[in-house]
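Asker: Structure below; questions to follow.
Values in this text are rule-based calculations from the coordinates and carry no lab data. Keep in mind the model is a prediction, meaning the values are calculated, not measured. Quick reminder, even Gly has a Cβ in these numbers, built from the backbone with ideal geometry, and neighbours come from all protein chains shown.
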Amino acid sequence: MQLWADASAPAGNPADAPPPAPLISGWNIPAPNDVVEMPKAVAIPASGDVEYTYEIVPTGFTEGKWVSMSEIRPSSRENVHHAVVYIRPPDSNWLRHAPVGVPFTASGMTDEQDRHDTHTTKADILLVYAPGSSPDNWPAGMAKYIPAGSDLVFQMHYTTHGRATTDRTKIALVFAKQPPAKRVLTLQLTNSDFVIPPGVEDYRVEVHGTMPNDALLLSFFPHMHLRGKRFEYNILRPDGTAEPLLRVNYNFYWQLSYRLAEPLPIAAGTTLQAVAWFDNSKNNPHNPDPTAAVYWGDQTYDEMMVGFFDVAVPADVDKSQFFIRQPAMQMHDHAR
């Protein structure tokens, strides 16, 4: 192995390579029961930064839908840094003054609360997409829930690549054949209060929080930007030791989701920890500027530290109910 590495990792005999995987032109999930697409295409310029773009799409569902599988498909994949599809129930006040069915950004909002709402939300997440991420495909008896009359809110982060184009992202939904016993919620551990010094190659950022109620831990999806190096999730025990759940070498260009082979019961009060390491040195070939201090921000030359994770709870418990804590439980402000 060392000789192969010292020889600049030469390719082997092409005849010994396995056949290439077939390219899939359709969905990676079974034929969907419904496809929700952004009604109006977003114009993406040839260069420069693109502000986070939102589009609100009414589902028209006259009854609640349990979603056992879902997949996000951008029409211009090379320009989509990430996409998050949120569920906005009919009784939600989130982005209530925003236009429906057309793209909009924070800078275009005249209402101060709406501008604030484009930067933070407690809305339930239907699915997160990034290059390399997998569709949702929940085990039997588990599903996500879209209440009747809900809207889907597409949050789109676009990057430019030298030519103007457009994008109309869509999401495919497969409905559960019967109501499940468990409802899946996507939660996150986030730390936005950090400054990565110039030139530092192993900068550590950490966040932790206690689970407000019992749940089954299902999967993880870490998210950083170009200086992301490593990411891990742990359970912190009362004696201060850490039980590792996931440790990965991070690659911004291939962001994977990680499903536990068996769901892990997590008791109320358990402390979950997410830790990220960043390489802001000149040895990082993806580093936009190793001489600059780096802060949290939306663009790829900024940084993020988000540890998404999925849990299963009783089917009649929604996200707001799940965060009604036991009297002794306190959750870190960065976890939601």
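Asker: For segment 115-180, what is the per residue volume of the convex hull drawn over the alpha-carbon atoms, in cubic angstrom?
Answerer: 146
Asker: Over all directions, the average projected area of the alpha-carbon convex hull for segment 193-329 comes to how many nm²?
Answerer: 9.4
Asker: While we're looking at this one, here's another question. Assigning unit charges at the beta carbon (Lys, Arg +1; Asp, Glu -1) and nothing else, what dipole magnitude in debye, to the nearest 20, does the chain show about its Cα centre?
Answerer: 560
Asker: Here are some pairs, Lys65/Lys229; Lys40/Lys65; Lys40/Lys177; Lys144/Lys229; Lys40/Lys319; which of them have Cα atoms lying more than 27 Å apart in this structure?
Answerer: In this structure, Lys65/Lys229; Lys40/Lys177; Lys144/Lys229; Lys40/Lys319 exceed 27 Å between Cα atoms.
Asker: How big is segment 168-239 along each principal axis, measuring the range of its Cα positions in Å and listing the largest first?
Answerer: Dimensions of segment 168-239 along the principal axes of its Cα atoms: 54, 46, 18 Å.
Asker: With equal scatterers on the alpha carbons only and no solvent term, can you work out the Debye log10 of I(q)/I(0) for segment 69-157 at 0.12, 0.14 1/Å?
Answerer: -0.42, -0.57
Asker: A follow-up question, please. Report the charge-dipole magnitude of segment 174-256 in Debye, nearest 20, computed about the Cα centre from +1 at each Lys and Arg Cβ and -1 at each Asp and Glu Cβ.
Answerer: It works out to roughly 400 debye.
Asker: Remind me, relative contact order of segment 34-180 in percent, using alpha carbon pairs under 8 angstrom and six or more residues apart?
Answerer: Over segment 34-180, the number comes to 52 percent.
Asker: Please state the relative contact order of the chain as a whole percent: Cα pairs under 8 Å, 6+ residues apart?
Answerer: The normalised contact order for the chain reaches 22 percent.
Asker: Tell me the relative contact order for segment 176-321 as a rounded percent, counting alpha carbon contacts under 8 Å between residues six or more apart.
Answerer: Computed over segment 176-321, the figure is 44 percent.
Asker: How many angstrom lie between the Cα centre of segment 148-214 and the Cα centre of segment 57-121?
Answerer: Between the Cα centres of segment 148-214 and segment 57-121 lies a distance of 12 Å.
Asker: Using only C-alpha atoms and all pairs of different ones, pull out the Kirkwood radius for segment 1-138 in Å with one decimal.
Answerer: 18.7
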